[in-house]
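Let me begin by presenting the structure, written as C-alpha cells, before commenting on it.
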Amino acid sequence: MRELRQRYAFLATPTWIGWFAVCALFMVVCYFLGQWQWDRREATLDEIGTIQSNYDQDPIPYAEARDIFDSADEDDEWKTVDLTGEYLSEDHLFARNRPHSGQVGYEQVVPFRESSTGDVVVISRGWLAPASEDGSLPESNPEPPSGRTEVTVRIKPGEPEISRGAPEGQLASIELAEMESQVGYDLMTGAYGEMASESPQPAEQPRAFPRPSVDEGPHLSYSMQWIAFGMLSFVGWGYAARLQARSNDLGLMGEDEDEGPAGISKRERLREARAAQRRRQGRFTDEDAEDAWVDQHLSDRS
C-alpha cells in the first residue's frame, strides 16, 4: 500500500488537484443540465396526463364551463364544451405564424356569441395555408355558418402577449385582451375554444386541428446522458493518472544503473518490489500486467 501511495503521490500536486476540480465542476454542470432535462420531462408528462384526462371526455354544456372561459386553469385545457349561438363573422381575425404538419400558416379566429348568456367566446375554427405569392395572407377565408349554430370546442388557455407586431386584421398570438381591444366589445378572456365540430357544417372549413401528441420525447435519455458525461470526466482523469504513473515507472527504470549500498540497481529494486506485491496479492492484476510489459520491453532494449 505504501508503494501504491508513493507511485501516485503526484496526484497531490497542484496540477492534478486543479484537473480534479475541473472534473468536479464539469460534473456539477452536467448534473444541473440533466436536472433541467428531467424537469422538462416532468412538465411534458403533466401535459400528457391532462390530454389523456380531458381530450376524449364527453362534452359539458357551456353553463358548466363558463367560469373556465373567464379564468382557465392548466388542468382545464382540452376539456370539451358544447355551445349554441352565432358567429360574429364580420369581426374575424387571423392568428399568424401557426404551425401545422410542417407548414406555417394562420388560424381563423372568430368571436361567437353564446345564446343563453350573451357571452362572446373566441373560437379558433382551424388552420389556413398561406397564400402562395408572399404568405402575408391566407390563401382562403372560409365563411363560418350563419345564424344559429351548435359548436363543440376544446378549451385552450389564452396565449401570452409577444413583442411582435401584426398587420391589421391579424394577431401575433391569440392574446384575448388584445383581440378584445381590436373588436371593441367584451370577450371572455380566460380561455378560447379550438373547434372540434360545428353544425350546420359549411361546404368549406379550415383544416382541422390534429390530435395533440402524447410522446414524452427524449428528455429522459438526455438527462441520463448528461449525468454519464459528468461521470466520464472522472473516468478520464483516472485513466490519465494511470498513464502518468506508467510514464513515471518508465522514467525510473530508464535511468542509469544507480547502484545502492548493497549493489542493487533501482531497476532491480523496483522489480523485486513488484514481485513481492504480486506474491502478497496471490493473483495477476492489471497492475502486474503493466509491470510485466514494462520489464519485458526494457529487457529487450537492454
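Before moving on, here are some points about what is shown:
- Simple Cβ-charge dipole of the stretch 27-151, Lys/Arg +1 and Asp/Glu -1, about Cα centre, in debye nearest 20: 400 debye
- Residue 67-residue 8 pseudo-label distance in nm [points 7 Å out on the Cα-to-Cβ vector]: 6.4 nm
- Unit charges at the beta carbon, dipole of the stretch 1-115: most positive-side option, 65, 12, 92: 12
- In the stretch 78-185, the chymotrypsin sites (Phe, Trp or Tyr not before Pro) that fall in loop regions by DSSP, at most 13 other Cβ within 10 Å: 185
- Computed 3J(HN,Hα) for the stretch 218-231, one whole-Hz value per residue from the Karplus formula 6.51 cos²θ - 1.76 cosθ + 1.60 where θ = phi - 60°, is x, 4, 5, 5, 5, 4, 5, 5, 5, 5, 5, 4, x, 5, glycine and proline marked x.
- Checking every one of the GluC sites (Glu not before Pro) in the stretch 153-184 against DSSP loop status and a limit of 16 other Cβ atoms within 10 Å picks out 161, 168.
- Between residue 197 and residue 243, the modelled label-to-label distance comes to 6.8 nm, taking each label 7 Å out from Cα in the direction of the beta carbon.
- Estimated FRET transfer efficiency when R0 is 22 angstrom, pair residue 60-residue 159 (beta carbons, to 0.05): 0.45
- Efficiency of FRET between residue 139 and residue 90 - r from beta-carbon atoms, R0 30 angstrom, step 0.05: 0.90
- Karplus-derived HN-Hα couplings along the stretch 105-116 (A = 6.51, B = -1.76, C = 1.60, θ = phi - 60°), whole Hz, x at Gly and Pro: x, 9, 10, 8, 10, 10, x, 9, 8, 6, 6, 6
- Modelled spin labels at residue 97 and residue 52, positioned 7 Å past Cα toward Cβ, are 3.3 nm from each other.
- Restriction of the chymotrypsin sites (Phe, Trp or Tyr not before Pro) in the stretch 7-42 to DSSP coil positions whose beta-carbon has at most 12 other beta-carbons within 10 angstrom yields no sites.
None of the figures in this text is laboratory data; all of them are computed from the coordinates on show. Being a predicted model, the structure only gives us computed values, none of them experimental. Heads up, the Cβs are rebuilt from the backbone with ideal geometry, glycines too, and the neighbour counts pull from every protein chain shown.
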